[in-house]
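Structure first, commentary second.
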Number of protein chains: 2
Amino acid sequence: MRTLSPIEQEERKRRLLQAVIHQFIKTGKPVGSAFIAGGRALDLSPATIRNVMGELEREGYLTHPHTSAGRVPTDKAYRFYVDSLVDLQRLAIKEEERIRQEHESKIREIEELMQSTSKTLSVLSNYTGFVTAPGIDQSRLQHMELIPLDERRLLAVMVSDTGVVKHRQVIFDGRYPRELLEPLERTLNERLRGHPFSRVRESLLDHIEAIHKRQMDMLEFARHVTEEAFAPGDVGEIYLEGTGNILSLPEFSGQDDLRQLVHLLDERRALGDLIREDLDLPGSAVRFPAVRVKIGAENRSPDLKNVSLISSCYTIGNRQVGVLGIIGPKRMEYSRMMNLVNQMAQAVTSALNRMVGGPNE
Amino acid sequence: MRTLSPIEQEERKRRLLQAVIHQFIKTGKPVGSAFIAGGRALDLSPATIRNVMGELEREGYLTHPHTSAGRVPTDKAYRFYVDSLVDLQRLAIKEEERIRQEHESKIREIEELMQSTSKTLSVLSNYTGFVTAPGIDQSRLQHMELIPLDERRLLAVMVSDTGVVKHRQVIFDGRYPRELLEPLERTLNERLRGHPFSRVRESLLDHIEAIHKRQMDMLEFARHVTEEAFAPGDVGEIYLEGTGNILSLPEFSGQDDLRQLVHLLDERRALGDLIREDLDLPGSAVRFPAVRVKIGAENRSPDLKNVSLISSCYTIGNRQVGVLGIIGPKRMEYSRMMNLVNQMAQAVTSALNRMVGGPNE
DNA sequence: ATTAGCACTCAAGCCATTCGAGTGCTAAAA
DNA sequence: TTTTAGCACTCGAATGGCTTGAGTGCTAAT
């Protein structure tokens, strides 16, 4: 038998690990040495394979559920697997068409876009799809309008350059000066257009004294409207679809973890925060422009320790305004899913930019 | 032994049935004859109780999971139980306070109200709580505003008398006549105020010819805006909370039914339709003003065949504008839950009327 | 009409057993 | 020196028998 160089040995180990992971992803059952030997990836006897598997186990890539079961990949193994994916381009072309067809139609409003996107992600992946709506924090005020409701309340409607419309009631203790409505509206629009939402309130309140010293009424009026209309509070919504798909996964029949997970999915707010956290962080996977993969314990929340999360950002101009992706079991077809998420991110980006009138940074 | 009159017999049977149901609701386990005999509801031997139980089974009120297990109530039994509930007033007082506290705070916008309501329902019941937002169909247009976005698009913002704000983009193939914006806005507001949303579109399109014969531009402009802004399509939202609670119920460990159920809860749209269907139907339970109880198969959807649904309407003026309630297992504490739902319906009604400025029919 | 008594049923829990998939080690083969 | 065959061993899962006990239904006595 020819002696192998250390490098060849390493290579062989890698291939073996990949084979194990691949197989486990397909079947979800622990992989035994005999099976791998039967395949044509490696031409070795089960015994040898066992030896190598033993090494891989000592290095932390595989585990045993119990003494005499096959090997199961650890998070570390998945990490390795994802990092070394190369066969993406081939899949990309075939699937691209399908994604477009599923998604392209009848999208005119942001909300439709979001819904359609999470739905598409869920249907094509068979897992849970999510999108965070363009956060108000990432966008700038384009226009605002004040609509009188009655003598004590008015409605502030704010349109952002990302196409999101927000409205909020402004309630006064007494009557508000109706005749000042229009001047205020004009002033606000002049002053605030193009300001990022996140800072509009502070900057305006700071400078408000300068607006119209001559009229105390106006001052107080403006202050109250600004304060209320731009009160911080709501982060963008999150659209989730296919929560139920998680239930069908065999690995979650042990109910305890499942319950926690479903609970998290139920608490949309918490999940949204969790996902948004990633928005500006650099991705862990490098191959794709901006597709990120978080495996099990790599996720911040312990409730996500049994799943993987594949996500990507979509942009307006070149601002990242939202995140989309899927939540699935650790053993998923990463390459296909990463491609899917990537495609969707591009699709949403382009749809969005078309909607708000092209990249106008 | 004294002979019982047929009427006394019936009465005894009723009491027995109630005892069985009550017990089953408490424990969730089949109830045996011995247990009932041990309690102080009836002073009979297990044997007699078995006989009566046998009758009740033949009449369809009880079943056997298998030959030698205790009895389990059928849907029909629950129906009987719910219809004969009388001990509600007592509970009402104690719990009222708790509900108010949980719910009363910081509610100013409709959306907050909805969220807080479904949350409260879920927390207090430990099941799944839901509210349908005031449907646009039940409400009337109070005011609308047209906000220019760019030269091809404008935003129609519509405020209903139920306090709901809706907005929609109106897109034109070419430019729209900007100078007609204000006149159109004025006309629309004059013509449409107070019209029910459900008919605003048709009635306006019918009469549109009469508006401004003199100006073709205006005509076309108005037609397009109306058509788009009031296009039918979205029914009110549904707020769901506590979906996860369903998972914790022991009766749903048999996963198959569960999966269907979770799937339904996931499809908010479908669920919303289902719930709204009931809006105008007369209730089955008579004791409460408008608390309805649907048990298992009484529900329209087969996915709900293993749960019960307790709901009530909330109103503005005296229009029923939305539904709220809880979804729980068949064996729930109906009296407490019906009370809860009833309280919440009243709370929401009063909050809502306060918000839109009192019942102004 | 009620009840005590008894035979019967059936699910559930509890072994003990078997089976087989898979391992780890050792010694032989290449 | 590396690979492989062989073998003993381990452990989970499936199987089947056995027991237990809760609960019934019937019959005969009260």
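Laboratory data are not the source of any read-out in this text; all were calculated from the coordinates shown. Just so it is clear, the model here is predicted, and its values are computed rather than measured. In this analysis, Cβ positions are derived from the backbone assuming ideal geometry, glycine residues included, and neighbour counts consider all displayed protein chains.
Side notes on the structure shown:
- At q = 0.29 Å⁻¹, base-10 log of I(q)/I(0) for segment A:6-73 (Debye sum, equal scatterers on each alpha carbon): -1.59
- Inter-copy label distances at A:Ser248, shortest first and taken from points set 7 Å along Cα to Cβ: 2.8 nm.
- The ranking of B:Val323, A:Val31 from fewest to most other beta carbons within 10 Å of each one's beta carbon is A:Val31, B:Val323.
- Database remark: amide H of A:Ser308 closer than 5 angstrom to the amide H of A:Gly296, A:Gly328, A:Lys330 (H placed geometrically; neighbours at sequence offset of 5 or more, or on other chains; Pro and chain starts carry no H).
- For A:Pro183, the distances from its label point to the matching points in the remaining copies are 3.0 nm, ordered from shortest, with each point set 7 Å beyond Cα toward Cβ.
- Based on Cα contacts under 8 Å between residues 6+ apart, segment A:139-229 shows a relative contact order of 29 percent.
- At q = 0.18, 0.22 Å⁻¹ the log10 of I(q)/I(0) for segment A:139-229 amounts to -0.75, -1.13, computed by Debye summation with a single uniform scatterer per C-alpha, solvent ignored.
- Too-long pairs where the Cα-Cα distance tops 23 Å, listed order kept, from A:Lys26/A:Lys76; A:Lys76/A:Lys305; A:Lys119/A:Lys294; B:Lys26/B:Lys330; B:Lys26/B:Lys76; A:Lys294/B:Lys119: A:Lys294/B:Lys119
- Each other copy places its own label point for B:Thr48 at 8.4 nm from this one, sorted shortest first, where the point lies 7 Å along the Cα-to-beta carbon line.
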